[in-house]
Amino acid sequence: MAAGLPRPRRLLAGAGRGPALAAPATRGLEGSFHTVTTAPLAWFSDGQLDVSESCLDRHLADRGDQVAILWEGDEPGDVRRLTYRELHAEVIRAAAALRRLGLHRAIAR
């Protein structure tokens with residue numbers, strides 16, 4: 001066992017409380033680093049992450065006007081900056097376009 005991590009399963013289970021989860025994880029680490037060549041490792045395998053909430057929505061109130069994405073192209077001066085508020089508007093537009101195409105929210109299982 002690694003020094004400083006006497007109980008890695010407990011540590012990893014507690015880490016699942018940070019991001020916004022549509023369905024909270026009840027499992028932490030499944031598997032073992034000692035058997036990774038024969039069986040895969042899995043973290044939070046029964047949880048469902050709410051990516052939009054974790055990466056975008058939670059920042060709107062305090063950081064809405066700050067840059068969320070800074071894109072730089074290959075040509076000098078080819079730059080685009082999107083604030084959290086602008087990015088949120090673009091995500092809403094993309095979701096509406098997908099709904100118009102007949103795609104709807106679903107939770108993958």
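Descriptive notes on the structure:
- Taking each residue of the stretch 29-52 that is more than 30 Å from Val91 (Cβ to Cβ) and looking for partners that are hydroxyl-bearing (Ser, Thr, Tyr) and modelled with pLDDT of 80 or more with beta-carbon atoms closer than 7 Å, six or more apart or interchain, yields Glu30/Ser45.
- Unique match (being touching a residue at least 12 places away in the same chain (Cβ under 8 Å) and over 29 Å from Ser45 (Cα atoms)) among Arg58, Arg85, Arg80: Arg85
The values are calculated or read from the model by the stated rules, or taken from the named source; none is laboratory data. Owing to the predicted nature of the structure, the values given are computational and were not obtained by experimental measurement. Don't worry about glycine lacking a Cβ; one is built from the backbone with ideal geometry, like all the others, and counts go over all protein chains shown.
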